[in-house]
1. To the nearest 20 debye, what charge dipole does the chain have about its Cα centre, counting +1 at the Cβ of each Lys and Arg and -1 at the Cβ of each Asp and Glu?
2. So for segment 150-231, considering every pair of alpha-carbon atoms, how many percent are separated by more than 17 Å?
3. How much length is gained if the chain between Tyr238 and Ile252 is pulled fully straight, taking 0.36 nm per residue apart and subtracting their Cα-Cα distance, in nm to one decimal?
4. Mind putting together the pair-distance distribution for the chain? All Cα pairs, 10 Å bins, whole percent per bin, short to long.
5. Aspartates and glutamates within cross-link reach of Lys42: Cα-Cα under 17 Å, excluding same-chain residues under 8 positions apart?
6. Could you work out how far apart the two model spin labels at Ser101 and Thr341 are, taking each label as a point 7 Å from the Cα in the direction of the beta carbon, and quote it in nm?
7. Going 7 Å from the Cα of Lys439 in the Cα-to-Cβ direction, what parts of segment 471-500 have a backbone nitrogen less than 17 Å from that spot?
8. Take the alpha carbon atoms of segment 76-93, find their center, do the same for segment 117-196, and report the distance between the two centers in whole angstrom.
Amino acid sequence: MKHLFLIIAAFAFFNKTHAQDLSPKAVINYDASKTSVFVDTKGVLHLNVTKDDSTALLNKTTLNYEDFGAIGNGKTDDILAIAATHTFANAHHKRVKAKDSATYYISGKSHTVIIKTNTHFGNAAFIIDDTQVENRKTPVFLVQSNFEAFPITSVSSLKKNQSKLDITLSHPCMITVVNSKKKNYIRKGINYVDKGASQTDVFMVDENGYVDANTPIIWDFDEITSIIAQPIDQDTLYIKGGRFTTMANSTIPRFNYYSRNLVVKRSNVIIDGLQHFVDGEGDQGAPYSGFIHIRSCANVTVKNTVLTGHKIYKNGKNPLGTYDITVNRALNISFINCSQTNDINDRNYWGIMASNYSKNMVLENCSWSRFDAHKGVYNATLKNCNIGHMGLRIIGSGHFIVENTTVYSHHFLSLREDYGSTWNGQIHIKDCVFKPLKKDLKQLELIAGTNTGQHDFGYPCFMPKTIIMDNLYIDDSQLTPTYRGPFIFKNFNYQYNSNTYKETYPYTKTKQVFVNELNIASKKTLKLSPNLFMFNEVAVIYNY
């Protein structure tokens with residue numbers, strides 16, 4: 001009897017630094033007396049296919065879920081039929097297409113559908129029932145590489161901006177390097193939950209070990225506890241269409257994140273035309289880690305896609321972040337022509353997006369309630385976007401470019417204070433509109449953040465070295481008569497008001513601000529900061 005074994009790769013909740021190994025197997029038996037599919041007590045999917053059915057399936061260029069028993073009536077659980085279809089498609093390099101008129105019901109069973117071939121969800125509907133689940137951490141779909149990741153044992157240390165590793169590879173690879181003995185991103189604030197994260201970096205190398213200049217090494221690694229190479233798939237995998245609705249959980253909200261989602265762990269993927277809705281959110285519910293979750297991969301584009309912000313629930317008095325799109329340990333990620341079903345300024349819903357450890361992120365023609373980088377982004381660009389009530393919240397390094405974009409938040413840009421309000425690089429604001437919707441603000445600050453210099457975040461903290469504003473329009477016409485006017489910087493540290501104040505962990509201040517073409521609706525003057533002493537060495541150059 002001939003069998004084929006397919007291994008499902010490891011997956012982890014986005015806020016953890018270690019992977020949880022789910023690794024179910026799939027077994028195909030091609031000599032069955034009857035075509036059928038079942039999962040055994042160990043979670044292994046068994047796909048039994050008769051010789052005649054196997055021959056017929058191999059003669060098809062595209063497989064359908066109905067080929068393996070899917071009903072598509074919105075009531076019968078189709079998860080195993082969907083999983084079986086992709087298992088057979090992966091083994092024989094077949095495309096998969098859903099039936100446009102079908103509604104596929106996916107129960108709370110703990111089983112992941114592995115996708116390795118082009119998939120067209122089309123106009124089909126998918127109901128993902130999270131009201132009763134066996135394992136909230138089990139993704140529904142996992143887009144997986146054809147290559148296995150492997151450890152590198154010959155590299156024991158790395159330097160920032162090092163151009164080459166002394167290795168030879170069979171394929172270009174994405175490298176993930178970790179030093180668990182050094183902690184950074186030691187969080188400060190109401191959501192303080194740990195003693196920091198292991199020092200981590202991701203970058204690309206070619207077959208000869210040369211580091212891609214667009215994904216440089218950004219930390220010194222005096223010691224390495226783990227270095228993993230993931231070969232990069234060179235062909236592009238397409239995921240198209242699909243109308244997905246999550247029936248929301250009603251669990252007591254804690255840090256019990258649900259990951260019943262579509263995870264992308266393969267490089268060179270395009271997701272086009274997907275829609276995700278959320279139904280049934282009530283008085284309580286556990287948070288979500290993102291319906292589309294891009295992690296440990298490079299060169300992924302999400303376009304023409306509609307997502308949904310999740311209702312805000314609290315753990316005690318503290319709100320829990322809950323997301324519909326997350327990006328973690330990823331390189332060269334683009335979102336083009338994406339929007340959300342909710343009003344981007346509706347404060348009942350949390351900011352739709354979060355990211356960690358990523359480089360070269362792009363948003364173009366997107367309308368989202370938030371752009372966010374928790375644990376650092378290197379280089380990010382927003383162009384032709386609308387950003388809602390939770391605004392632009394970032395830390396990281398490199399170039400942060402915002403062009404032809406309207407921001408409706410309290411601040412045009414917030415440097416996340418829970419991670420030190422650090423941006424080691426340049427910020428460029430070009431042809432943008434800042435239009436805060438709250439009417440009772442006493443003043444506006446374009447750049448917000450807080451760093452008292454008394455907390456060790458695990459790394460030195462920087463304000464942007466240079467800030468450039470080209471043709472910024474501040475629409476403050478709706479604010480009350482007591483409004484004082486706009487400032488470039490918030491008061492980052494109220495205690496820092498004389499030479500007697502000493503920072504235990506010095507916070508490097510901005511050197512220069514270039515203001516080129518500025519229009520303020522209220523006709524009030526743009527001022528430097530409420531804290532002139534802290535920013536007394538900042539040079540502001542006006543060119544208009």
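None of the figures in this text is laboratory data; all of them are computed from the coordinates on show. Given the structure is predicted, the values throughout are model-derived calculations rather than measurements. Ideal geometry is used to build each Cβ from the backbone, glycine not excepted, and the neighbour counts take in all protein chains shown.
1. Numbers: 58 positive and 47 negative charges, 199 e Å.
Roughly 960 debye for the chain.
2. On the way: 1529 of 3321 pairs.
The proportion of pairs with Cα distances above 17 Å equals 46 percent.
3. On the way: separation 14, 0.36 × 14 = 5.04 nm, distance 3.67 nm.
Gain on stretching Tyr238 to Ile252: 1.4 nm.
4. In whole percents, the pair-distance histogram is 4, 17, 26, 25, 16, 8, 3, 1, 0.
5. Asp21, Glu134
6. Inter-label distance under the simple model: 2.4 nm.
7. Inside the label zone: 475-484.
8. 24 Å
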